[in-house]
There are 2 protein chains.
Amino acid sequence: MTARPDPAVLDRLRLVMGPAGVLDSPADTAPFRTSFGGIFRGEAALVLRPASTQEVAEVVRLCAEGRIPIVPQGGNTGLAGGAQPDGSGASVILSVDRMRKVRAVDVVNDTLTVEAGVTLAEVQAVAERVDRLFPLTLASEGSCRIGGNLATNAGGTQVLRYGNMRALALGLEVVLPDGRIWDGLRGLRKDNAGYDLKQLFIGSEGTLGIITAAVLRLFPRPRATATTFAAIPDPAAAIAFLGLAKARLGDSLSAFELMRAPSLAHAVAAVPGLASPFAEAYPWYLLVEASAQEAGEGLGSALEGLLAQGLEEGLVLDAVIAASGAQRRNLWALREAQAEAQAHAGKGVKHDISVPVSAIPAFVARADAALLARFPGILPFTFGHVGDGNLHYNPVMPADWTDEMRPARAGEINRIVHDVVADLGGSISAEHGLGQLRVAEAEHYKSAVELDLMRAVKAALDPHGLMNPGKVLRAR
Amino acid sequence: MTARPDPAVLDRLRLVMGPAGVLDSPADTAPFRTSFGGIFRGEAALVLRPASTQEVAEVVRLCAEGRIPIVPQGGNTGLAGGAQPDGSGASVILSVDRMRKVRAVDVVNDTLTVEAGVTLAEVQAVAERVDRLFPLTLASEGSCRIGGNLATNAGGTQVLRYGNMRALALGLEVVLPDGRIWDGLRGLRKDNAGYDLKQLFIGSEGTLGIITAAVLRLFPRPRATATTFAAIPDPAAAIAFLGLAKARLGDSLSAFELMRAPSLAHAVAAVPGLASPFAEAYPWYLLVEASAQEAGEGLGSALEGLLAQGLEEGLVLDAVIAASGAQRRNLWALREAQAEAQAHAGKGVKHDISVPVSAIPAFVARADAALLARFPGILPFTFGHVGDGNLHYNPVMPADWTDEMRPARAGEINRIVHDVVADLGGSISAEHGLGQLRVAEAEHYKSAVELDLMRAVKAALDPHGLMNPGKVLRAR
């Protein structure tokens, strides 16, 4: 698999794709070979950019015949290196970035059929134009592609109410590893006629086939939104307050995000124009949002009642409610600035963990204690989608560590954090996927039975191991 | 596979299970060999009733060694013969009906961990005791088991708001075809660490393994409900009114059920105490329900506003709103009596179809026309979950047909109805599964690529074809 591809097959690929569909020179292919942020880099014999499902099928068929591994790529915004080839140059990259058609809009069925290269922001915009909501919301929504969102089962800030990407797709079109096209583009809310094959491809990070199009669910567009930013004493208060919020707001509850004191201060320091809504500093913060169809007073008074109860029970120390769209955007900006905040705080080691919601306080307490016992001075930078049990727990190195110390110790830091996750029944990748970053770590924690099942599925669909090799699973 | 099982292996099974776990005589095994309603009957060498996951694993391991096919069974309430063996007597039935433990209740995580033999009604009751909702609602909820609900990806009347069973399960424990136990009992709302293996087993009707336990999602218990029964002119009005209801009620909309004139009259005639809410007869009816957390006036007035708009736009001809819990139950009783209503109308041929919601009017018009052209006098009895695009379209035979004519013509009737379904991009089994009833029909409509994919999955997980053979897929 690490042999250079047969030049005759590469020539054939160039021929069938034409100049518009092939990138060849190292300079042209560099943006595709290098991940967002530059962490993952690889080599590729070619970058292929088919403009249609038929072209994808043709490329995959030729690569299958020539036994050339394919690394599928969407918007190249992944954080786990799932879209970068290895360094051997044996693979080609297949980017879906030219597959940009909106194939159908059915407002009565509340569905949208789009090709894999349509960006998430474009999908959101098409939905808005027909007075509907496509709820997936991510930091990279301007450049990530629906194909990548599906391949990684993307999450984000609206999962609490609308679910992960898996819950937002009704049908798929997929080019299989042998180049055949599976047309599963059904727009059905109920279909029990056989195995639900689309589930295989969603979240499999391009290791079982290439998603070329999808039927996506649309939702009624909420007319009213109520947003609060609350100071709280600790993660236990966050979880207790979440319980109150669910009981009072039900399905209206659409976001429940956690931040930690230093991360808020760093956000304010890092991003011009940001300000904390509080004069005082508090240990933890929540951003809570509810939305509903009616534009009446109901939602606002429900949120006020919730905060009053939270204050009375000591779960909330202070809170502001957004009184305008501008104020709401300012509160969200504090949450959205967490990545910049972390860069401002220092270099860190990132984690994307989930545990049962009930185990969040234990996770933070135990991970903090274990890390600080081993590495005094480490700063447990923490934020995330706590309503889903998902935290980005990204310890920042002490200032006195040299640049070499962080990578040298990253593995040990991962192990400390992930041991706590595993002990609490959690996941070492809640929403980013395994990519190449966490494959070995997943092997460490998963049972032999589970790894065998995953390998059986992989071997059944991709017997020659040509689809995104080394991602999700390593060859045995 | 049709050879009689090795008596030595059967003796070994009797031994490891003990008398409480084995049924042997034809009289004792009859209720397990015969489907709900008596339509499907089979033979079984033994009925095995393990009381624990370890016992299931032991049974499956012994059967794998002896190459004895296993037919898994939950509450035996399925409508497609998925839990009945063939007539060869080569198989054993493995019933999970003794696996009745509620293993864990986590109200903070909003999850319940139950064994496969717990009935749906028990799960609903456990949820209610901790002030939560488990939303799955089915006619057979008193006797169907969670294992069967998962294996068939059960639907019902609350799918519009809460999704199918697939959306209600976070984790599974499964005994694989070789007798190993896969522990995927995770209570996580986000987990992208590898393939989402539970999706393989949900909806696969016991053909890939035996689900022994599950982590189920709980929801806040709605405090307020608003219910209306409306007369409408036609299916097009139903779909237009659904659009209004979604826009006005959003996620609060929890049921949107369709009935046809003759079916309502037959329900009233068949079930003592039932009455139509209207003095006049109308061609079609809707039962629409919304529910929310707040007990205030909001929901009722939203429903009134919706009905006023529906009346104004000519979508609604008449309507009643339930003014009490008793009135609400009476309206639901009209919907729940549809099975009895059909029996009262005459013998029918059942279908469980789905199409895109936007295609419902075309489906009814085209299926009615095609059937009546071929079989004048046939009565297109119709009801179902129209909000999900799912109809039970069950034409009732003309009174002059003999008892032999219905089965003789059932295949042709299926083909007429399912051709319309296929042409509209629909499914021939929306919520009942394929079982043995619709396997050949599914083969007829599915593409070669899709059948190959299904067979590849089956072969990967169950290489000897011992799990529920002949269901979902036929051996090639």
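Placing unit charges on C-beta atoms (Lys and Arg positive, Asp and Glu negative, everything else neutral), compute the dipole magnitude of the range A:17-99 about its Cα centre in debye, rounded to 20.
Working: 6 positive and 8 negative charges, 24 e Å.
It comes to approximately 120 debye.
For the segment A:390-397, counting C-beta atoms of other chains within 10 Å of every residue's C-beta and taking the mean gives 1. Using a 7 Å projection from Cα along Cα-to-Cβ, the label point at B:Asp6 is separated from the same position in the remaining copies by 4.6 nm, smallest value first.
May I ask you to give the solvent-accessible area per residue for the protein assembly as shown, in square angstrom, as obtained with a 1.4 angstrom probe?
On the way: 33900 Å² over 952 residues.
With all protein chains present, the protein assembly as shown gives 36 Å² per residue.
Which shape class, rounded, prolate or oblate, goes with the range B:346-430 when its Cα gyration tensor gives a ≥ b ≥ c as root eigenvalues, a/c under 1.5 marks rounded, and past that a/b bigger than b/c marks prolate? It comes out prolate by the Cα gyration axes.
Given a 1.4 angstrom probe, I'd like the percentage of the accessible area of the range B:7-98 that is carbon and sulfur, rounded to a whole number.
Carbon-and-sulfur percentage of accessible area, whole number: 56.
When you filter the GluC sites (Glu not before Pro) in the range B:230-329 for DSSP loop state and at most 13 other Cβ atoms inside 10 Å of their Cβ, you are left with B:Glu280, B:Glu297, B:Glu313.
Helix B:7-17 and the longest principal axis of the Cα set of chain B meet at an angle near 70°. Under the combined filter of DSSP loop state and at most 16 neighbouring Cβ atoms within 10 Å, the range A:174-246 retains these trypsin sites (Lys or Arg not before Pro): A:Arg223.
Axis of helix B:448-461 versus longest Cα principal axis of chain B: the two differ by about 40°, to the nearest ten degrees. Only protein atoms count toward the accessible area here, which uses a 1.4 Å probe; on the range B:135-198, the carbon and sulfur part of that area reaches 48 percent. Compute the helix-to-body angle for B:120-129: its Cα long axis versus the longest principal axis of chain B, expressed 0 to 90° and rounded to tens. In chain B, helix B:120-129 runs at an angle near 70 degrees to the longest axis. The distance linking the range B:42-87 with the range A:27-48 is 52 Å (Cα centroid to Cα centroid, whole angstrom).
Expressed as a rounded percentage, what relative contact order does chain A have, with Cα pairs under 8 Å and six or more residues apart?
Details: 997 pairs, mean separation 72.5, N = 476.
Relative contact order for chain A comes out at 15 percent.
Normalised size of the range A:425-476, defined as Cα radius of gyration per 2.2 N^0.38 Å with N residues, equals 1.12. Once you have a ≥ b ≥ c as the square roots of the Cα gyration tensor eigenvalues for the range B:199-284, tell me rounded if a/c is under 1.5, and otherwise prolate or oblate according to whether a/b is larger than b/c. Because a/c hits 1.5 or more and a/b exceeds b/c, the range B:199-284 counts as prolate. Here is the P(r) of the range B:102-220: all C-alpha pair distances, binned every 5 Å from 0, give 2, 12, 24, 26, 21, 10, 4, 1 in whole percents.
Taking the convex hull of the alpha carbon atoms in the range B:280-430, what volume per residue do you get, in Å³? Kindly include the intermediate steps, with their values, before the conclusion.
Working: hull volume 21.0 nm³, N = 151.
So the per-residue Cα hull volume is 139 Å³.
Remark on the range A:347-387: accessible area falls by at least 30 square angstrom from chain-alone to full-complex state for A:Pro356, A:Val357, A:Ser358, probe 1.4 angstrom. Each 20 Å bin from zero holds the following percent of Cα-Cα pairs in the protein assembly as shown: 14, 45, 35, 6, 0.
How would you classify the range B:224-340 from its alpha-carbon gyration tensor, with a ≥ b ≥ c the square roots of the eigenvalues: rounded for a/c under 1.5, else prolate if a/b is greater than b/c, otherwise oblate? Walk me through the numbers on the way to the answer.
On the way: a/c = 1.98, a/b = 1.31, b/c = 1.51.
Note, shape of the range B:224-340 comes out oblate.
Send over the Kirkwood Rh of chain A, from the inverse of the averaged 1/r over different Cα pairs, rounded to one decimal Å.
Numbers: mean 1/r = 0.0425 Å⁻¹.
Answer for chain A: a Kirkwood hydrodynamic radius of 23.5 Å.
Give, rounded to the nearest 20 debye, the magnitude of the charge dipole that chain A has about its Cα centre when Lys and Arg contribute +1 at Cβ and Asp and Glu contribute -1 at Cβ. Before the final figure, lay out the partial values.
Working: 45 positive and 51 negative charges, 178 e Å.
The dipole magnitude comes to about 860 debye.
For the chain pair B and A, the buried solvent-accessible surface (1.4 Å probe, both sides summed) amounts to about 6200 Å².
All C-alpha pair distances within the range A:268-312, sorted into 10 Å bins from zero, spread as 19, 39, 29, 13 percent across the bins. Once divided by 2.2 N^0.38 Å, the Cα radius of gyration of the range B:1-149 becomes 1.12. Once C-alpha pairs closer than 8 Å and six or more residues apart are averaged by separation and normalised to the residue number of the range A:320-405, the relative contact order reads 33 percent.
Relative contact order of the range B:193-284: 30 percent, from C-alpha pairs under 8 Å at least 6 residues apart in sequence.
Straight Cα distances below 30 angstrom link B:Lys101 to the lysines A:Lys190, A:Lys246, A:Lys446, B:Lys190, B:Lys198, B:Lys458, B:Lys471, with same-chain residues fewer than 8 positions distant left out.
Restricting attention to the range B:32-76, which GluC sites (Glu not before Pro) occupy a DSSP loop and are surrounded by at most 10 other Cβ atoms within 10 Å? Spell out each step's value before the answer.
Details: sites: B:Glu43, B:Glu55, B:Glu58, B:Glu65; in loops: B:Glu43.
In loop regions of the range B:32-76 (DSSP not H, G, I, E or B), there are no sparsely surrounded GluC sites (Glu not before Pro).
Which residue, A:Leu15, A:Val56, A:Val114, has the largest displacement toward the positive end of the dipole of the range A:10-157 when charges sit on each Cβ (Lys, Arg +1; Asp, Glu -1)? Toward the positive end, the furthest listed residue is A:Leu15. Bridges between two residues of the range A:34-188, per DSSP, are antiparallel at a rate of about 60%.
The values are calculated or read from the model by the stated rules, or taken from the named source; none is laboratory data. Bear in mind that the values here come from a model prediction, so they are computed numbers and not experimental data. Positions of Cβ are backbone-derived with ideal geometry, glycine not excepted, and every protein chain shown enters the neighbour counts. Just so you know, the surface numbers come from the protein's heavy atoms only, side chains and all, with ligands and any DNA or RNA stripped out. Shrake-Rupley method; radii C 1.70, N 1.55, O 1.52, S 1.80 Å.
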